[in-house]
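The values are calculated or read from the model by the stated rules, or taken from the named source; none is laboratory data. All of these numbers come straight from a predicted model, not from anything done at the bench. Cβ coordinates were reconstructed from backbone atoms using ideal geometry, including for glycine residues, and neighbour counts include every protein chain displayed.
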Amino acid sequence: MRSEKNGPVMISEAFISIEYITTRILFAYSRFPRLNKESLLPIGRTLNNPDPESWYPPGHGDFYDAFFNSGLLEMFIGSGREYCFVSNIDNLGATVDLNILNLMLNPGKGQNHEFVMEVTDKTKGDVKGGTLIQYENKIRLLEIPQVPKERVDEFKSVNKFKIFNTNNLWMRLKTIAGLVEEQRMNMEIIVNPKHLDNGINVIQLETAAGAAMKDFDGAIGE
């Protein structure tokens, strides 16, 4: 993430790569045990197991718990910070857009945007990326692993689904704290199958950070 504005920049790394990073890392994601696809039992039985193939980072949806448990969320709220900007490492060109922050600070009459997802026009090069749908009067993130096989072509259509999730997310800090502390964040679980080098088929249960938008008041894609 690039920023010419004053403000702390945090980096969250997976446990697999954090030991190789020389830059100061402020907090790390959790590690979850991979599950044997046949038995549904965990491959890793102990946290002391040195085999990295037994464990996986549970997707960037773990940001909320990891941020909360690190103590940084409480620290920033205590220092008067109100909002955070989260960007996926895939988007190396991410920049802080103060127009979006201004939208959150100065919403229209009767509006309150606690969460803003930056979106862009979907192109034929972005057909596998997440998009937004409206369901039960809430804006929600829809990812391709959640789509039935017979509907995948429809999901990939740039005419049917016209916007693409950049995974640049703005959110209110106090709302994150409340949702995590009260366990009211209910992100859809994505089942991600993997084949390990040792021949074992496993599944990983992951979440996407953008999927939490339905739990924030007035969440929008902008």
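Only one of Val180, Val202 is touching a residue at least 12 places away in the same chain (Cβ under 8 Å) and in contact with a Pro (Cβ under 9 Å, 6 or more places away or on another chain); which? Give the steps one after another, and end with the answer.
Details: Val180 fails: in contact with a Pro (Cβ under 9 Å, 6 or more places away or on another chain).
Going through Val180, Val202 in turn, just one is touching a residue at least 12 places away in the same chain (Cβ under 8 Å) and in contact with a Pro (Cβ under 9 Å, 6 or more places away or on another chain): Val202.
Residue check: is Met75 surrounded by 18 or more Cβ atoms within 10 Å (Cβ to Cβ) and out of contact with any helix residue (DSSP H, G or I) (no Cβ under 7 Å at 6 or more places or on another chain)?
Values: surrounded by 18 or more Cβ atoms within 10 Å (Cβ to Cβ): no; out of contact with any helix residue (DSSP H, G or I) (no Cβ under 7 Å at 6 or more places or on another chain): yes.
Here the answer is no, as Met75 does not meet what is asked.
Can you name the residue in the range 119-143 that is touching a helix residue (DSSP H, G or I) at 6+ places or on another chain (Cβ under 7 Å) and crowded, with 16+ Cβ neighbours inside 10 Å and, of all such residues, is farthest from Lys214 (Cα to Cα)?
Only one residue tops the list, namely Val127.
Scan the range 34-70 for residues that are at pLDDT 90 or above and charged (D, E, K, R) and jot them down.
Hits for the range 34-70 are Arg34, Lys37, Glu38, Asp62, Asp65.
Quick check on this structure: which one of Arg2, Arg31 is of a type in the set (Lys, Arg) and either more than 28 Å from Glu188 (Cα to Cα) or modelled with pLDDT under 55 (or both)? Full working, then the answer.
Values: Arg31 fails: either more than 28 Å from Glu188 (Cα to Cα) or modelled with pLDDT under 55 (or both).
Unique residue meeting the criteria: Arg2.
Against the conditions (1) touching a residue at least 40 places away in the same chain (Cβ under 8 Å); (2) more than 18 Å from Met187 (Cα to Cα); (3) not basic (Lys, Arg), where does Ser79 fall short? Just the number, please.
So Ser79 meets the others, but not (1).
With respect to Val191, determine if the residue is of a type in the set (A, V, I, L, M), more than 16 Å from the chain's Cα centre (by Cα) and at pLDDT 90 or above. Spell out how you get there, then give the answer.
Numbers: of a type in the set (A, V, I, L, M): yes; more than 16 Å from the chain's Cα centre (by Cα): no; at pLDDT 90 or above: yes.
No: the conditions fail for Val191.
Residues of the range 199-211 being exposed (fewer than 14 other Cβ atoms within 10 Å of the Cβ) and either assigned to a strand (DSSP E or B) or in contact with a Gly (Cβ under 7 Å, 6 or more places away or on another chain) (or both), which ones?
Asn201
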